[in-house]
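Novice: Have a look at this one.
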Amino acid sequence: STSGPGLALMTESLGLAVAAEIPLVVIDVMRGGPSTGIPTKPEQSDLNIAVYGLHGDAPHLVLAPLSVEDCLLTTQWSVHLAEALQTPAIVLSDQFLGQARAVIDKPADLAFIARRKLAEQPDQDFARYAITADGISPMSIPGTTNGQYVADGLAHSTVGLPSSQAEHHSEQMDKRLRKLTDFDYGDHWADIEGEGDIAVISWGLAATASREAVQRLREQGKAVKFIAVRLIYPVQAEKMAQALAGVRRILVIELNHSGQFYRFLRAHYDMPGEVQAFNRPSPLVMRPGEIVDKIEAWSGV
C-alpha cells in the first residue's frame, strides 16, 4: 500500500512485474498532489499514472472501490484477478475512504472463479511463458520438480531466456495484452442503476456522492441512469456501449483538477450524445446537493 508519491517510485518495479508476469496488488490511497500536495485530503488525481505511468507497453489492471463497503469487494476481486491473469493490479482508493469509519452490512461470501493457472507436473522443457490461446501461461510453484525458470525484466523467449528477437518480443507482448483483453470480467466491472436518457458516470470516492444525487433526482420522478466504474483498465467497450444505449447526455463526475477520467473515457469509449465533465480538485469533497444542481442546470431535468 502507498500513496501517489510512493506509486511514482514503484513504477519501474511494476513494469518488471508485467514483464515477468508476477501477480501483485498495489493499493494507492490517493491524496492531494502533485508532490507533497495536501497529504491529509483526498483527490482522484492518480488515475493517469496508474493507467499510463509504466514505461513501454505494459498492460495491467487498474480498479477503484466505489465506497467504504466496496473496498473489500474490489480488493478481493483484484487479488483474484492478479492471480488468475498473473499481472499487477493497482487499486485506487483515497484518503477519505482509507480513513473513514462506517457501519456496513456483512459482505456476501463471493466465490470468485478466477484462480492461478498452475503447472502441476512440468517436464524438463518447462516453458514458463508458453504461448496459449487465452494468453495465460501455467506458473510453477517454487520447489516444483522441473519448474525452475528465469524471470527478469528482459524481453524473453517462452522458456524465459533473454532474447532480442523480434518474433519473441512480439509474441510475448501480444500474449500479455491478450490475457487481459480476452478475459471475461463479468458484471463486477461497474455498478449500473436506473434508466433514462441522461447518464451520470463516476468512479471511486465521487461515486458515493453521485449515487446519492441520482437517487434524489429519482425520488423527484426524474429519469437518470447511474454508472459507477469499478474496473477502469482494461476498458470494457462492449459493456459500456450496452450501458449507454439510448443515452443522449452524459455527465462525468470526479475529484481532480484536469478531468482525468473524463479524458480517459473520451479516449477509449464511444460516448454518445453530449458529454460534459464536472470536476474539481480537493480539499473539498463532492457533495450530493451540488451534483444535483449541476445536473438540473445542465440537462433541464
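The values are calculated or read from the model by the stated rules, or taken from the named source; none is laboratory data. Keep in mind that what you see is a predicted model, and the values were worked out from it rather than measured. FYI the Cβ positions are ideal-geometry reconstructions off the backbone, even for glycines, and counts take in every protein chain you see. Quick note on the areas: whole protein, heavy atoms, side chains included, nothing else; ligands and nucleic acids left out. Shrake-Rupley method; radii C 1.70, N 1.55, O 1.52, S 1.80 Å.
Novice: Inspect all residues belonging to region 123-137 and state whether any of them is more than 22 Å from residue 179 (Cα to Cα) and among the polar types (S, T, N, Q). Please lay out each step first, then the result.
Specialist: From region 123-137, those more than 22 Å from residue 179 (Cα to Cα) are 123-125; that's our starting set.
From the residues that got through so far, the ones that are among the polar types (S, T, N, Q) too are 124.
Yes, because at least one residue in region 123-137 is more than 22 Å from residue 179 (Cα to Cα) and among the polar types (S, T, N, Q).
Novice: Still on this structure, please answer the following. Open to solvent by less than 30 Å² (accessible area, probe 1.4 Å) and either within 19 Å of residue 60 (Cα to Cα) or not charged (D, E, K, R) (or both): does that describe residue 192?
Specialist: So residue 192 does not fit the description; no.
Novice: Just to be sure, is residue 157 among the hydroxyl-bearing types (Ser, Thr, Tyr) and either open to solvent by 60 Å² or more (accessible area, probe 1.4 Å) or free of Cβ contacts under 8 Å to residues at least 60 places away in the same chain (or both)?
Specialist: It is true that residue 157 is among the hydroxyl-bearing types (Ser, Thr, Tyr) and either open to solvent by 60 Å² or more (accessible area, probe 1.4 Å) or free of Cβ contacts under 8 Å to residues at least 60 places away in the same chain (or both).
Novice: Also, quick follow-up: Quickly run through region 274-293 and pick out the residues that are closer than 26 Å to residue 62 by Cβ and not in a helix (DSSP H, G or I).
Specialist: 275, 276, 277, 278, 279, 280, 281, 282, 283, 284, 285, 286
Novice: Among the listed residues 296, 238, identify the single one that is open to solvent by 30 Å² or more (accessible area, probe 1.4 Å), farther than 29 Å from residue 183 by Cα and assigned to a helix (DSSP H, G or I).
Specialist: Exactly one residue qualifies, and that residue is 296.
Novice: Right, another one. Kindly list the number of the only condition in (1) touching a helix residue (DSSP H, G or I) at 6+ places or on another chain (Cβ under 9 Å); (2) open to solvent by 40 Å² or more (accessible area, probe 1.4 Å); (3) under 19 Å from residue 83 (Cβ atoms) that fails for residue 143.
Specialist: (1)
Novice: I'd like the full set of residues that are outside any helix (DSSP H, G or I) and of a type in the set (A, V, I, L, M), limited to region 142-185.
Specialist: Just the residues of region 142-185 that are outside any helix (DSSP H, G or I), to begin with: 142-165, 182-185.
150, 151, 154, 155, 159, 161, listed by residue number.
Novice: Looking only at helices (runs of 4 or more DSSP H) that lie completely in region 1-107, which have at least 2 residues being open to solvent by 60 Å² or more (accessible area, probe 1.4 Å) and under 22 Å from residue 169 (Cα atoms)?
Specialist: 4-20
Novice: With modelled with pLDDT under 95 and more than 17 Å from the chain's Cα centre (by Cα) as the only criterion, which of 213, 223 stands out? Full working, then the answer.
Specialist: On the way: 213 fails: modelled with pLDDT under 95.
From the options 213, 223, the qualifying one is 223.
Novice: Take the conditions at pLDDT 95 or above and either under 24 Å from residue 42 (Cβ atoms) or small (Gly, Ala, Ser) (or both) and apply them to residue 171. Does it pass? Walk me through how you get there before you give the answer.
Specialist: Numbers: at pLDDT 95 or above: yes; either under 24 Å from residue 42 (Cβ atoms) or small (Gly, Ala, Ser) (or both): no.
It is false that residue 171 is at pLDDT 95 or above and either under 24 Å from residue 42 (Cβ atoms) or small (Gly, Ala, Ser) (or both).
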